[in-house]
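K.L.:
Here's a structure for you.
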Amino acid sequence: MARSNDAVAALLQEYADLLTVTGGEQFKSRVYEKAARAVAGHPGDVAAVDADGLRQIPGVGASIAEKIAEYLHTGHIEAVDTLRARVPGGVLELMRIPTLGPKRAAQLHEELGVVSIDELRDAIVAGKLSGHRGFGARTAENILHGIEVLERSHGRVLLSVAAVAADEIVAALRGVRGCLRCTWAGSLRRFRETVGDVDVLAAAADGGPLMDAFTRLPMVADVLAKGSTKSSVRLRNDLQVDLRVVPLASWGAALQYFTGSKQHNVRVREIAVRAGFKLSEYGLFRVEDGSLVASETEEEVYERLGLQWVPPPLREDRGEVEAARAGSLPALVTEADIRGDLHTHTDLTDGVTPLADMVAAARRRGYEYYAVTDHAKDMPMQRMTDDKVLAQRREVRELEAAGGPVLLHGSELNIGPDGELDWPDEFLAGFDLCVASVHSHFAQPAGDLTRRLVRACENPYVTILGHPSTRLIGKRPPLDADFDAVFAAAARTGTALEINSFPDRLDLSDELILRAKRHGVRFAIDTDAHATVHLDHLRYGIGTAQRGWLTADDVVNTWPIDRLRAFIAAKRTVAAGRR
DNA sequence: GCCGTTTTCGGCCCGACTGTTTTCAGTCG
């Protein structure tokens, strides 16, 4: 079963949103928001602890613990229901539009009766906003643009949302009598950054029991279709899931077929046709006599076509078919190759978990090394100071002495509008490594953005450029910089580019990774964890790196600690010599 | 509503940018 934490956190967040929209006390709203984050980041399942246990979670006091308990017992929270009744559902929806917050959403509702994004668009197009305080022409334009951004991602969900649902469905179906195999296929298996619907494939002699179990899963909201080989459902979170059941003998061909991509499959079928075969979800057949050539495993199917087995993340018709034919597919980096995380936070800044707990989680993952990189002092909301970061360094050294992974004390520096960093070089030299990232001024002209990122790469103490494009999937586009110039600078200076594993970032994206790799850059696959549970996001970063054709050697945090330290030191020496 | 080596009450993440204003509200990180 999935943890209850995410459902609880979503409710607490909704309550916080409702409080702001209804003009409730702002501090109260913020408290609920903070509690939502803490619950989401809490390592244990909140359903497994009693009221006292709930109160141990930071930010959760008597009142919130009571509300969580109420939800766990009854499935709802009365206080939330009461506020929901006062605010039409579409009003919270409005807040998903970038640049539109709670105040303006409430104002649009109160003054214009707008209760949905569609109605808002109509109102703007009809010019109904003009004359309303705070809504000038520019604001209307920005809102329309925000709606566009939102709708471009319409119908697709983040990889992580699909993966969590698919994991749970597959685990449930594997337990059904008669289920011989079950796994997810489709764009999820290819680790695309967003997923339109989830394809689950199972092998069984009789599909009936699987279909019954599938359509009765607790998270299913609607059954869209139900047959003996194919069924479709819509989950409560609106995600559509298709289940197909095939005979075990067709497993490999079906898995290949349903994994896609369409373009990849077209290429593979062309090869089959030219070789006198026909490839379908049932198998690879000889055209002349219709005899079956291969179907049980994907490996067999590819092999009979003269191809290496192609890892799913590569199946996008981006040269993998040619490489598979030449036998030159890369040995992709895997989760097992990762020796440590190089970008993580604690509750000293905006994380929700204390240093010691984060380190303990890293130890449990078997990491050889682990970097602590809290925000630096130029992000005012984080209230970092020289003293605080130095005190943390002492604590890090003490923890390391107590055993466990090698601990690197670092910082996530802020790259200012001109490429300046939080601290002078003398102070930066005290860190074992630094990540540097853009957190503001996203709309600068392209030339300025490029210079800014290049300048950050040129600082000898910047080991990693964090979430380099700074995009947020479905919310904020990548920076409008000349990334080829940035990648060239990273390669020249020995700066690693981050592949940030956070599901709404996945930054660099697969396409930018492919471009960066051509410049000979190194990469770091990091989680940017703000809680121990986020360390598990690593798999999404790995999938993205695989889509970018990366091998373990391309990724500095697969290297042994000595090689990693040499990489950090080399940049400091070379860059310092040039200054 | 939560929390406490400045506090059991009175604070609570702060600064900048944008677009609207004519002194500031809303949004974001």
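K.L.:
Based on the Cβ-Cβ distance of A:THR99 and A:ASP45, what FRET efficiency does E = 1/(1 + (r/R0)^6) give at R0 = 60 Å, to the nearest 0.05?
P.N.:
My answer for the efficiency is 0.95.
K.L.:
For segment A:174-203 and segment A:231-308, what is the separation of their C-alpha centers, rounded to whole Å?
P.N.:
The distance from the Cα centre of segment A:174-203 to that of segment A:231-308 comes to 14 Å.
K.L.:
Quick one: accessible surface of A:ARG318, probe radius 1.4 Å, all protein chains present, in square angstrom to the nearest 10.
P.N.:
So the heavy atoms of A:ARG318 present about 80 Å² to solvent.
K.L.:
How far apart, in nanometres, would the label points at A:GLN56 and A:ASP212 be if each is projected 7 angstrom from Cα along the Cα-to-Cβ direction?
P.N.:
4.2
K.L.:
Got the relative contact order for segment A:335-578 handy, in percent, Cα pairs under 8 Å and 6 or more residues apart?
P.N.:
Result for segment A:335-578 is 20 percent.
K.L.:
Something else about it: On full extension of the chain, what length is gained from A:THR229 through A:LYS28, given 0.36 nm per residue of separation minus the C-alpha to C-alpha distance?
P.N.:
Full extension of this stretch gives 67.2 nm more.
K.L.:
Still on this structure: Using r as the Cβ-Cβ distance of A:HIS132 and A:GLN263, and R0 as 41 Å, what FRET efficiency do you calculate, to the nearest 0.05?
P.N.:
For R0 = 41 Å, the calculated efficiency reads 0.30.
K.L.:
Further question on the same structure: What net charge do the residues around A:TRP423 carry, taking every other residue with its C-beta under 9 Å from that of A:TRP423, with Lys and Arg at +1 and Asp and Glu at -1?
P.N.:
-4
K.L.:
Okay, next question. Using 7 Å Cα-to-Cβ label points, what is the A:ASP6/A:ARG383 separation (nm, one decimal)?
P.N.:
Taking the two extended label points, one gets 3.2 nm.
K.L.:
Got a number for carbon plus sulfur as a percent of segment A:294-375's accessible area, 1.4 Å probe?
P.N.:
Using a 1.4 Å probe with all protein chains present, segment A:294-375 comes out at 46 percent carbon and sulfur.
K.L.:
Related question: Could you tell me how far the Cα centroid of segment A:43-97 sits from the Cα centroid of segment A:458-529, in Å?
P.N.:
37
K.L.:
Can you work out the PRE-style zone for A:ASN237? Point 7 Å along Cα to Cβ, and I want the residues of segment A:1-39 with backbone N under 13 Å.
P.N.:
In segment A:1-39, the label zone of A:ASN237 (backbone N under 13 Å from the point 7 Å along Cα→Cβ) covers A:2-11.
K.L.:
Still on this structure: What is the sum of charges, Lys and Arg at +1 and Asp and Glu at -1, for the other residues whose Cβ falls under 10 Å from the Cβ of A:GLY410?
P.N.:
Summing Lys/Arg as +1 and Asp/Glu as -1 gives -2.
K.L.:
Another one. Considering only protein heavy atoms and a probe of 1.4 Å, how much of the accessible area of segment A:5-152 is carbon and sulfur, as a whole percent?
P.N.:
That share works out to 51 percent.
K.L.:
Run the simple label-point estimate for A:LEU514 and A:ASP317 please: 7 Å along Cα→C-beta, distance reported in nm.
P.N.:
Taking the simple label geometry, A:LEU514 and A:ASP317 are separated by 1.2 nm.
K.L.:
Highest mean first, what order results for A:481-488, A:381-388 on Cβ atoms within 10 Å?
P.N.:
Highest to lowest by the protection proxy: A:481-488, A:381-388.
K.L.:
Also, quick follow-up: Using a 1.4 angstrom probe, figure out how much accessible area chain A has per residue, in square angstrom, rounded to the nearest whole.
P.N.:
Value returned for chain A: 44 Å² of accessible area per residue.
K.L.:
May I ask you to compute the full-extension gain from A:ALA391 to A:VAL287, defined as 0.36 nm times their residue separation minus their alpha-carbon distance, rounded to one decimal in nm?
P.N.:
Result: 30.2 nm gained on full extension.
K.L.:
Ranked highest first by the average count of other Cβ atoms within 10 Å around their residues, in what order do A:439-449, A:203-213 fall?
P.N.:
My ranking of the peptides, most packed first, is A:203-213, A:439-449.
K.L.:
To the nearest 0.05, how large is the calculated FRET efficiency for A:LEU72 and A:ASP553 if R₀ is 51 Å and r is the Cβ-Cβ distance?
P.N.:
Step by step, r from the Cβ atoms, then E = 0.60.
K.L.:
Shifting gears a bit: Between A:GLU303 and A:GLU270, what length in nm is gained on full extension when 0.36 nm per residue of separation is reduced by their alpha carbon distance?
P.N.:
10.4 nm
The values are calculated or read from the model by the stated rules, or taken from the named source; none is laboratory data. Please read all numbers here as calculations on a predicted model, not as lab measurements. Glycine also receives a Cβ, built like all others from the backbone with ideal geometry; neighbour counts cover every protein chain displayed. Heads up: the accessible areas ignore ligands, DNA and RNA and are worked out on the full protein's heavy atoms, side chains in. Shrake-Rupley method; radii C 1.70, N 1.55, O 1.52, S 1.80 Å.
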